[in-house]
Structures are given as C-alpha cells and as structure tokens.
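Data first, discussion second: the structure below is written as structure tokens.
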Amino acid sequence: MSTKLGEDMKVSEDTVRRDLQELANAGKLIKVHGGALSLAFNEVQFTNGTIYSQSQKAIIAQKAIGLIKEQMYVLTSGGTTIIEMAKQLPPHLKATFITGSIPVLNAYVSHPNINVIVVGDRVNKEARITVGASAIAKIREVNADLCILGTNAIDLQRGITDSDWEVVELKKAMIASSAKTVCLTIAEKLNSFEALQVCGLQQIDYLVTELDPDDKLLRPYVKAGVTVL
C-alpha cells in the first residue's frame, strides 16, 4: 500500500510512511505493516456473547505469551484462544505478528508496539481467515520463529486435525515456515480427532492447555516427546 500511494502521489515511499506514522500518532488511523487501516476497522465486532471456556482460554493465552520473545516473528492462525492471547500481549512487547485471520488482526492492531503483517487472499467466511494459493505462497516466504495454532482436535495417533480443507492447507504452510510449532487447546479437545490431518504429533514442539503440566491427561503427550505447558 505504501509503495502504491507513493507512486500515485509522486512522492517517496519514506514520505508516505512518515505521514502515515504521524496520522497514526494523532489517532486518525491504525498503522500496519505496508500501510494503514481505517479506525472503523477496529470497531467491527466479530464475536457475540460470551466466549466458550473463556477462563480456560485466558490461562492458555498467558502460558503461550511466555514463549514469545522480543523481536520474534510469529505466525498465528485464527480462533478465540488466539484472540485472547492477542488481547493479553504485554504493551511493551516489540515483535512481528503475521496472520490472515480477520478477528485476530482486529485484536493485534490495538497493540501499541507490535508490527502486524496481513497475509491476504480470498476470505474463508466460516473461519474468517484468508486462504488460497496466494496466502500460502506468502507464508512460504516467511522464516518465523513461532507458529501458534488454535486447535480443533488433537490426539496421539493423528496429531492435529481439522474439518476445513483450506484451513488445513494454510496451517501446514505455517508449520513448514516456522522454527517451532505451538498448539493451543482447551483440555476437552485432547484425544479427539477430525477428518483432515494438519500435522503429526512429532511436528508439535509445545502443547499448551489450561491444565497443570503434570496432569495425568497430558502424560502420554509428554511421553511422545511434546513439551507440555
């Protein structure tokens, strides 16, 4: 966006970036990587009523945040647990978050110090995340430190599974482009599975639940080599 604006206005890209930063500082817009968003974007509400298992997801979010370090590049999927994590990110954190999830993006842009990169393509309306060849190609250009995934189902034999083919393909690309993979899930989704595999258990570095890491339900995952938080 910054490059295109510079070309259209016949000014340098640095000038566009400086002007966007001044407008952001004045509260006129929301600055994101490569451009800006209208303040109206941040007013859109994507959830209605109470989030299911919100207290458990808040615990998971805090644990996951402990894995995020300064200046990291972090790929994240969609889901209410990821949104909860985005809302709880410490204000002083300086890192770069990459996502195609519209609700998650909406939470990230409220943070004062993180950089936000939007992976764009066609929007899967049910999952509210960008999917398709272009989104996957962009993700493959990334060398992320962490991939943090919201999870629909996980078990010992099948690993992470899902029911949406397009989301599965997107998550596979995210895992392949990241040094470490973090699976976020409430305990009730443990030992469950859906039709399509995202990745095997051996590809998961961290499993984060609301349970105590010593809980007997998690012991088989620890035995399988997954670090449990």
query: Alpha carbon centre of the range 145-161 versus the range 166-200: separation in Å?
result: 3 Å
- prompt: Between D215 and H92, what is the spin-label point distance in nm, taking each point 7 Å from the Cα along the Cα→C-beta axis?
  reply: 3.1 nm
task: With a cut-off of at most 10 other beta carbons within 10 Å, and DSSP calling the residue loop, which trypsin sites (Lys or Arg not before Pro) in the range 172-229 qualify? Please list them.
output: K216
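Once the piece of chain linking Q197 and R18 is laid out straight, how much longer is it, given 0.36 nm per residue of separation minus the C-alpha distance between them? Intermediate results must be reported in sequence, preceding the final value.
Values: separation 179, 0.36 × 179 = 64.44 nm, distance 4.47 nm.
Separation in residues times 0.36 nm, less the Cα-Cα distance, equals 60.0 nm.
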message: Binning at 5 angstrom from zero up to the longest distance, how are the C-alpha pair distances of the range 132-204 distributed in percent?
response: 3, 18, 28, 26, 16, 7, 2
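Which values, in whole Å and largest first, are the semi-axes of the equivalent ellipsoid of the range 169-220 obtained as the square root of 5 times each eigenvalue of the Cα gyration tensor?
21, 14, 9
DSSP loop GluC sites (Glu not before Pro) in the range 126-229 with at most 12 other Cβ atoms within 10 Å of their Cβ, which ones?
On the way: sites: E126, E141, E166, E169, E188, E194, E210; in loops: E126, E141, E194, E210.
Those that pass, being in a loop and sparsely packed, are E126, E141.
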- prompt: In nm, to one decimal, how far is the K125 label point from the K69 one, both placed 7 Å along Cα→Cβ?
  reply: 4.4 nm
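For the range 51-190, report the convex hull volume of the alpha-carbon atoms normalised per residue, in Å³, without decimals.
Numbers: hull volume 14.5 nm³, N = 140.
So the per-residue Cα hull volume is 104 Å³.
Find the lysine pairs in the range 80-229 meeting two conditions, Cα atoms under 16 Å apart and a separation of 8 or more places or different chains, and report how many there are.
5
Bear in mind that the values in this text are calculations on the coordinates, not laboratory data. Being a predicted model, the structure only gives us computed values, none of them experimental. Heads up, the Cβs are rebuilt from the backbone with ideal geometry, glycines too, and the neighbour counts pull from every protein chain shown.
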